[in-house]
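Right, I'll just put the structure down here and ask away after.
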Amino acid sequence: MPAIVIGFIHTALWILYSTVLLLSRHDHKLFETLLLLLFSYFGYLVTLQSIKDKTLSFRITLSSTLLYMVGKWAALSWLHLPV
């Protein structure tokens, strides 16, 4: 049960991150990277509160972040979407 909830929370987190990036198109890449780290840390804290294991929380958050980044890269390169 917690895995499903964590999955939904991480999905909502990355949707919110994409929305924030969409609304702030003219930001520098440094600020986008800092925002990515902030959202990743928030996802880590939510995961840590749910399962109480630091190593597993870190792995789940890292895999969620990497999955988001690979998905974004694939969408931008294969579908030729504007950056």
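Loop by DSSP (not H, G, I, E, B), at most 12 other beta-carbon atoms within 10 Å: where is the longest site-free stretch of the chain for trypsin sites (Lys or Arg not before Pro)?
Formally, the longest exposed-site-free interval is 53-83.
Using the beta-carbon distance between F58 and T19 and R0 = 25 Å, what value does 1/(1 + (r/R0)^6) give for FRET efficiency, to the nearest 0.05?
Computed FRET efficiency for F58 and T19: 0.50.
Please find the FRET efficiency linking I51 to A75, where r is the Cβ-Cβ separation and R0 is fixed at 41 Å, and quote it to the nearest 0.05.
Computed FRET efficiency for I51 and A75: 0.90.
Follow-up. May I ask you to list the lysines whose Cα is less than 19 Å away from that of K72, ignoring any residue fewer than eight positions away on the same chain?
Of all the lysines, those that pass the test against K72 - Cα under 19 Å, at least 8 places apart if same chain - are K29.
What 222 nm value per residue comes from the helices of the chain, counting each DSSP H run with n ≥ 4 as -39,500 (n - 2.57) and dividing by all residues, nearest 500 deg cm²/dmol?
-29500 deg cm²/dmol
Every read-out reported here was derived from the displayed coordinates using simple, explicitly stated rules and does not represent laboratory data. None of these values were measured; they are calculated from a predicted model. Every residue, glycine as well, gets a Cβ built from its backbone with ideal geometry; the counts of neighbours run over all protein chains shown.
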